[in-house]
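Undergrad: First the structure, then my questions, so here it is.
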Amino acid sequence: QVQLVESGGGLVQAGGSLRLSCAASGVDFSRARMGWYRQAPGKQRDLVATITSDSSTDYADSVKGRFTISRDNAKNMVYLQMNSLKPEDTAVYYCNAEVPTYRFFKQDYWGQGAQVTVSS
């Protein structure tokens with residue numbers, strides 16, 4: 001079974017920092033594109049950042065320069081360092097793993113989510 005478990009969420013004041021962690025198990029981590037997504041109340045789930053198996057990264061425009069995604073393949077971990085947090089960053093953050101299966105097919109897995117609340 002594949003399991004993604006987020007940790008590190010919480011309450012922080014605007015301008016502060018948090019580091020989210022995602023522990024992956026039951027997945028071929030080295031082959032997976034890992035990502036963080038977030039969903040605010042009443043909003044759709046949006047991509048925050050991704051990191052490929054060769055460590056290429058991509059970020060949403062709203063977090064560029066403030067957030068950094070990284071991975072540790074030896075530990076099957078992915079991280080999201082969030083600096084200069086703003087109230088609009090408040091959301092449930094989800095860890096995602098996209099794993100190649102057959103040819104161009106893929107399988108997506110999701111964590112349970114971690115609440116991040118940024119107060120003004």
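The values are calculated or read from the model by the stated rules, or taken from the named source; none is laboratory data. Computed from a prediction, not measured in an experiment: that's the story for all the values here. Neighbour counts are summed over all protein chains in view; Cβ atoms, including those assigned to glycine, are modelled from backbone coordinates with ideal geometry. Note: accessible area is taken over every heavy atom of the protein model, side chains too, but ligands, DNA and RNA are not part of it. Shrake-Rupley method; radii C 1.70, N 1.55, O 1.52, S 1.80 Å.
Undergrad: Hey, does region 59-70 have a residue that's open to solvent by 40 Å² or more (accessible area, probe 1.4 Å) and closer than 16 Å to SER21 by Cα?
TA: For region 59-70, residues open to solvent by 40 Å² or more (accessible area, probe 1.4 Å) and closer than 16 Å to SER21 by Cα: present.
Undergrad: So which pairs qualify, if the first residue must be in region 1-29 and farther than 9 Å from ALA114 by Cβ, the second must be open to solvent by less than 30 Å² (accessible area, probe 1.4 Å) and among the polar types (S, T, N, Q), the Cβ gap must be under 9 Å, and the two must be at least 6 apart or on different chains?
TA: LEU4/ASN96; VAL5/SER21
Undergrad: Scan region 83-93 and tell me whether some residue there is open to solvent by 10 Å² or more (accessible area, probe 1.4 Å), among the aromatic types (Phe, Trp, Tyr) and at pLDDT 95 or above. Steps first, answer last, please.
TA: At the first step, the residues of region 83-93 found to be open to solvent by 10 Å² or more (accessible area, probe 1.4 Å) are 83-84, 86-88, 90, 92.
Subset that is among the aromatic types (Phe, Trp, Tyr): none.
Taking every residue of region 83-93 in turn, none turns out to be open to solvent by 10 Å² or more (accessible area, probe 1.4 Å), among the aromatic types (Phe, Trp, Tyr) and at pLDDT 95 or above.
Undergrad: Continuing with the same structure: I'd like the residue in region 47-105 that is acidic (Asp, Glu) and outside any strand (DSSP E or B) and, out of all such residues, is nearest to the chain's Cα centre (by Cα).
TA: ASP89
Undergrad: Do you know which residues across region 1-24 are open to solvent by 30 Å² or more (accessible area, probe 1.4 Å), on the phi > 0 side of the Ramachandran plot and in contact with a strand residue (DSSP E or B) (Cβ under 7 Å, 6 or more places away or on another chain)?
TA: GLY8
Undergrad: Here's something else I'd like to know. Name the pairs: first residue in region 97-120 and in contact (Cβ under 8 Å) with a residue 40 or more places away in the chain, second residue surrounded by fewer than 16 Cβ atoms within 10 Å (Cβ to Cβ) and among the basic types (Lys, Arg), Cβ to Cβ under 9 Å, at least 6 apart or on different chains?
TA: If the second residue must be surrounded by fewer than 16 Cβ atoms within 10 Å (Cβ to Cβ) and among the basic types (Lys, Arg), the pairs left are GLU98/LYS106; VAL99/ARG31; VAL99/LYS106; PRO100/ARG31; PRO100/LYS106; VAL118/LYS86; SER120/LYS86.
Undergrad: Between VAL27, VAL48, which is modelled with pLDDT of 95 or more, surrounded by 13 or more Cβ atoms within 10 Å (Cβ to Cβ) and over 16 Å from SER7 (Cα atoms)?
TA: Exactly one of VAL27, VAL48 is modelled with pLDDT of 95 or more, surrounded by 13 or more Cβ atoms within 10 Å (Cβ to Cβ) and over 16 Å from SER7 (Cα atoms), namely VAL48.
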